[in-house]
Each structure stands twice: as C-alpha cells, then as structure tokens.
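Structure first, commentary second.
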Amino acid sequence: MNYLSTRGHPDRKRFCEILLEGLAPDGGLYLPEHYPQVDTATLAKWRDLPYAELAFEILSLYIDDIPPADLKAICAKTYTPEVFGSEEIVPLRELEDGVYLEALSNGPTLAFKDMAMQLLGNLFEYELARRGAELNILGATSGDTGSAAEYAMRGKKGVRVFMTSPDGRMSPFQQAQMFSLQDENIHNIAITGVFDDCQDIVKAVSNDLGFKRKYRIGTVNSINWARLLAQVVYYFAGYFQATGGNDKPVSFTVPSGNFGNVCAGHVARMMGLPIHTLVVATNENDVLDEFFRTGIYRVRAAADTHETSSPSMDISKASNFERFVFDLVGRDAAKLRSLFVDDLGGQARFDLSGEPAFKQAAERFGFKSSRSMHADRLATIRDTEKRFATLVDPHTADGLKAAREHLTPGVPMVVLETALPIKFAATLVEALGHEPARPARFEGIEALPKRVVKLPADVEAVKAYIAQNCD
Ligand SMILES: *Cc1c(COP(=O)(O)O)cnc(C)c1O
C-alpha cells in the first residue's frame, strides 16, 4: 500500500515512512492510494474475532512493511483486557431501543484517544528500534490527546514527548493526569493561548523542514495516519456487536472536534462496512455542523473559539477535515489546494453549497450533523441518569443528542462514548449535583507535584525549548 498527499505531491510513501512523520512535505495529509474493499464473506470471517486479531486483519490491509508476525504481536500486546478493562475492549451496551453506546474510554486515560495512542506507542517503539533512531514527538492538545500520548510514550526508549496545551483551559483532572507524570522523556508545555494556537505552533514547527530534520520532530496529532487507522477498527467492532449476526447497516454518531474519529468512520465506510449514516456531533463550536448543513466551511479565528463544557471539541479548524474533502471533490488535488490554500492564514473559507460535491456529502458519503449547546448537554446528562441509571460525559452527551435527531427506523444507532464522566466532573456536578465515581488509581491526583513549563504562543520560544531539552 502506498500513501499520497491530499495536496498532490508526486512522492508516494510506505506506512512506516509516514508513521514517524506529520504533514506531507507540501502541507497536505497522507491518505492511502485506495481504500481496500471488504466484502460480505470477509465481514463474516471477522465477525467473531477477538479485538486484537480484528485489528491485525484491518491493519494488514494498510501496512505491508512490517512482517505480519511482528504486526500481530504488536496488536496482541496493545489490545489487552488488562489495559482496556474488558475482553471486548470496546463493549457495546443498549441504552434504549435501537440506541447503543460503544465504550471507547476504558483505557489508561479514560478517553477514546487511548485506542489509537496505545497502538502508536508500540508501533513507534518497534520502528525506532528497527532503525536505531530517536524521535521527539511534538503535539498539541486540548486535553485528551496529550494525556493519551504521554501515557502511551512514557518510559519508551528513543522517544521524547513535547506536549503543548492551552494554559488553564483543561479540566483540573486532565491537567493533573498530564502534569503529574514525572517521566524524564515527557515535557508539558502550557501555552498562553487557545488550542488552535498550540496546533498552529505544531504545524509551523513541522513546516520548518530544517528544524524538523535536525531535531527529529514527529507528531502524534490526529493528522497521523496510523492513529486514524487504529480508530477504523472499532467501527468494525461496534458494527459486529450491534448487528449480532446479520449484515444490516448501522449508523454511528461521533462527538467531533478535529474530525479524526469520524474520519475513521468514513474510511470504514469507504472500505465497504455497511454504515448507513455518520452523524457528526459538534458543540457550540459548530464549524463542521455548519458545513454539513450549508456547504459553507468557515474557519473561525482563535478569538472566536468558544470555551465550552465539552472542551475536547473546542476546535475551530478541524485538522482532519481536509482528508474527507479530498474524497468529496473526487480526489482532485488541484481542487483541494484551491480550497485549502488560504489555510495558512487561519481564515480559510470555502463554499461548496452550489456544487454537486456538497450534495454527495450526505447522499454518497452518508454524513449528517447536529449541534449541541451547554443546556442540551446538561439536559442529556440528567435524562440519561434518570432514565437509564447511566452517567455520560459531556462529549458523549453531545453525541446522544445528535444521534436522536438522526434515527432511521430499523437501523441501530451506535453513539461513540469518547470519555468517562470523571474527566469532566465539574459539568457532571452542575448537571446532577453529585460527582461521578472515580477509579481508585486516580484518587488524589490533583494534589501530586506538577511537571510543566509555561511559554507564550510563539513558535520560536517553543523551538528554543525543544532544542534545549534534546541532548
Ligand atoms: C478528542 C476528543 C473528541 C474529538 O475527537 P476528534 O477525533 O478530534 O474529532 C471528542 N470527545 C473527546 C472526549 C475527545 O477526547
């Protein structure tokens, strides 16, 4: 399998080459040259596989430069009941007639990002050892990515993590999870700004090819293809659990920010998994919802990014969206470039409302969307506790609300549970008047010593810090 850039760069790469890279040299995102097709017979064969073996089957279709036995061992080591809390790894439970929650957040940091990051940690370790190389991971997080990356990479040989986050914008629990790690290879950098400032810094450093090469900069942001690929697996696993023996279509609702999670659903659907509808759920930061309703994509300035009670979705420029738009415009790189070329200024805006491509978003690719506000979130959390004795986190609540707006009779609707409620305790308290239960291993983490430096939203300052800490 070869990988290409959405912006038309002529080079083609193999999986392990792009594994350790971020953006393509032309600023585009990597995608496979084609989506391998999975037919009904293959689905039937895969239906009863344990999660790790299912992961191996799917990854094998996209990775041909790791010997199969090694890849199988990596999957087996990653997706264990010890790390993810159950044999199913992503257990599905029915909430009400035809509406399911797929639990993706029982990993080490209690959010779905562990699903991909734990695999990435093991892939990085494997590939770096094979090359005898080192890597400095530079990332941007609004909370969950950072902790997932740090827990996946802590103590790993040959890897350092430099994780930027918007100063003071994460929940105390999230901050404590990250900043309490004392591992020498983990560096927390609090940036005076919002998440998009952090993301812009990461992009700017990655675009400085000289610096990137000298300091062996890599990324674990959701633009990393391996992460997206790891996420494809749980759409299959969710599908099998929801259908229990038939080949009927299933819909998914995905609480969305950077469009990484739902883009994995798009890939699964392109492979032939019978997905009826992919519902993109947003919060008050509704760039994506606006696009799917109107065809107009209007990136907001950092100053117009709302700070909400589902903060991991507080994103005004969805970094993976370009992957989907590439497919939407028929993989026409020139057209893609014409839409995203202004991206550098952070003010990208395009309008596909008059174009046939826009109609295809719903008709051919199955996309729908909804937006949820703070009051909706609280109401959904309350309602879910009252009617189903189940606590959901604010992001999953956004998903549940959106899901109910796009039900199709006879089609199971799977809502991806993207975090556990304890990560966002303040909002749960606001909604319910009580704290959600806290797993024993997280008792008292807010009081632990913190390891973090504060830097301005300035590319040079971040580069200098990396250079200082790289010998
Ligand atoms: C990261 C995250 C999201 C958004 O996922 P994307 O892949 O960025 O769209 C939603 N909910 C939670 C809890 C997250 O951590």
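The values are calculated or read from the model by the stated rules, or taken from the named source; none is laboratory data. What you see is a predicted model; the values in this text were computed from it and never measured. Here the Cβ positions follow ideal geometry from the backbone for every residue, glycine too, while neighbour counts run over all protein chains shown.
Listed values, structure above:
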| item | result |
| --- | --- |
| Residue list for region 97-139, restricted to those being within 16 Å of the ligand (Cβ to nearest atom), more than 12 Å from the chain's Cα centre (by Cα) and not polar (S, T, N, Q) | 101, 102, 103, 107, 108, 110, 119, 120, 139 |
| Matching residues in region 33-47 - criterion: being assigned to a loop (DSSP other than H, G, I, E, B) and either touching a Pro at 6+ places or on another chain (Cβ under 6 Å) or touching a residue at least 40 places away in the same chain (Cβ under 8 Å) (or both) | 35, 36, 37, 38, 39, 47 |
| Which listed residue, of 82, 102, 87, is surrounded by fewer than 20 Cβ atoms within 10 Å (Cβ to Cβ) and over 27 Å from residue 186 (Cβ atoms) | 87 |
| Qualifying residues in region 258-277 (those that are within 12 Å of the ligand (Cβ to nearest atom) and touching a Phe, Trp or Tyr at 6+ places or on another chain (Cβ under 9 Å)) - the one farthest from residue 58 (Cα to Cα) | 258 |
| Options 165, 171: the member that is in contact with a Lys or Arg (Cβ under 8 Å, 6 or more places away or on another chain), hydroxyl-bearing (Ser, Thr, Tyr) and in the same structural domain as residue 143 (by TED's automatic domain parsing) | 171 |
| Matching residues, region 181-208, being farther than 28 Å from residue 131 by Cα, of a type in the set (S, T, N, Q) and at pLDDT below 95 | 199 |
| Hey, residue 329 closer than 18 Å to residue 32 by Cβ and within 15 Å of the ligand (Cβ to nearest atom) or not | no |
| Any hit, region 10-21, residues being farther than 25 Å from residue 136 by Cα and either surrounded by 15 or more Cβ atoms within 10 Å (Cβ to Cβ) or not assigned by TED's automatic domain parsing to the domain that holds residue 219 (or both) | yes |
| Unmet requirement for residue 405, which otherwise passes all of (1) assigned by TED's automatic domain parsing to the domain that holds residue 280; (2) charged (D, E, K, R); (3) crowded, with 18+ Cβ neighbours inside 10 Å | (3) |
| Elements of type strands (runs of 3 or more DSSP E) in region 241-357, at least 3 residues being of a type in the set (A, V, I, L, M, F, W, C) and surrounded by fewer than 24 Cβ atoms within 10 Å (Cβ to Cβ) | none |
